[in-house]
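See structure below.
The values are calculated or read from the model by the stated rules, or taken from the named source; none is laboratory data. Bear in mind the structure is a predicted one, so any value in this text is a computation, not a measurement. No Cβ is skipped: glycine too gets one built from the backbone with ideal geometry, and neighbour counts run over all protein chains shown. Side chains are part of the model used for accessible areas, which takes the heavy atoms of the whole protein and leaves out ligands, DNA and RNA. Shrake-Rupley method; radii C 1.70, N 1.55, O 1.52, S 1.80 Å.
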Amino acid sequence: MGKCYIVGAGDFGGEIHPENGDIVIAADGGYDSLLSRGITPDVLIGDLDSTHGVPHGVETHRFPVRKDDTDMFIAYREGRARGYRDFELHGGTGGREDHTFANYALLLTMRRAGDTGVLVSDASRTYVLLNEERTFRGAAGTHISVFAFGGVAHGVTIRGAEYGAENIDMTPDYPLGVSNVMKNGDMTASVSDGALLVIQRLFD
C-alpha cells in the first residue's frame, strides 16, 4: 500500500509527487490548492464551504458544515478505510491557529491507531512519537523542538542535540524542549510512556 496525501485549505507546504499506489485526498479548500499546482485529487471530501463549487469527474463526499470532525479528520478516516497507513498532510498550517492545533491532534490520533503521519509546511515538519524512538536528520544547527503532548511524557531521552536529556519526564505545561538545536545532522528522541510532539524546522 502506498502513501495517502491529504491537502487542506491552509498554507500549502512543500511539494507532493504521487506515485502508483498513492492516493490524494483534497480536504475541502485543498482542492483549489491542488488544482493551482496542476494536480487533480482522487477524492474531494468535507463540507465544501471553502472550495469553489463541486467539481465534475472527481469522487466527492459532502458532509454538513455543522459536525464534530474537521475536514482533515474526515479525510484521514477515508484514507484509512481504503487501507492506507502512511499519511502526509499539506495545507494544515497557517491562517487559523485552531486548525493547526487540530492537525497536531490528528497526528496523535494516527499514532494511537498505529499509523504514521507528518504535517508539512514550507518551514517545518511536525511529527508525533508515541512510546517509541525516532531519529531525525537535518543540517547541523537546525532548530528542533520536542514537547510533551496529550499528557505527561515519561522516560524522555534526547541525543545528538545541543541540549540532551536522559530518561526525564516532560509535562505539557512546561515547554522544556523548545528551540533545541541539532548538532551533527542526526538527533534521536525517544519516550518510554507517553507522546511527544516534534517540530523540525527545515532551515534557520
Is it fair to say Phe136 is among the aromatic types (Phe, Trp, Tyr) and open to solvent by less than 20 Å² (accessible area, probe 1.4 Å)?
-> yes
For residues that are of a type in the set (Val, Ile, Thr), in contact with a Lys or Arg (Cβ under 9 Å, 6 or more places away or on another chain) and touching a residue at least 60 places away in the same chain (Cβ under 8 Å), scanning just the stretch 162-204, find the one that is least open to solvent (accessible area, probe 1.4 Å).
-> Val198
Do we find a residue being part of a strand (DSSP E or B) and open to solvent by 40 Å² or more (accessible area, probe 1.4 Å) anywhere in the stretch 108-116?
-> yes
Can Leu130 be described as closer than 30 Å to Leu35 by Cβ and touching a Leu at 6+ places or on another chain (Cβ under 9 Å)?
-> no
Checked the stretch 1-35 for anything farther than 21 Å from Thr116 by Cβ and free of Cβ contacts under 8 Å to residues at least 12 places away in the same chain; matches are Leu35
Filter result for Ile6 (out of contact with any His (no Cβ under 9 Å at 6 or more places or on another chain), among the β-branched types (Val, Ile, Thr) and closer than 22 Å to Arg125 by Cβ) | no
Does Arg159 qualify as being open to solvent by 20 Å² or more (accessible area, probe 1.4 Å) and either closer than 30 Å to Gly83 by Cα or at pLDDT below 95 (or both)?
-> no
Scan the strands (runs of 3 or more DSSP E) fully inside the stretch 1-101 and keep the ones with 1 or more residues being touching a helix residue (DSSP H, G or I) at 6+ places or on another chain (Cβ under 9 Å) and open to solvent by 30 Å² or more (accessible area, probe 1.4 Å).
-> 59-62
Filter the stretch 151-204 for residues that are over 15 Å from Arg125 (Cα atoms), of a type in the set (Asp, Glu) and part of a loop (DSSP other than H, G, I, E, B); which is nearest to the chain's Cα centre (by Cα)?
-> Asp173
May I ask you to verify whether Tyr127 is aromatic (Phe, Trp, Tyr), assigned to a loop (DSSP other than H, G, I, E, B) and in contact (Cβ under 8 Å) with a residue 12 or more places away in the chain?
-> no
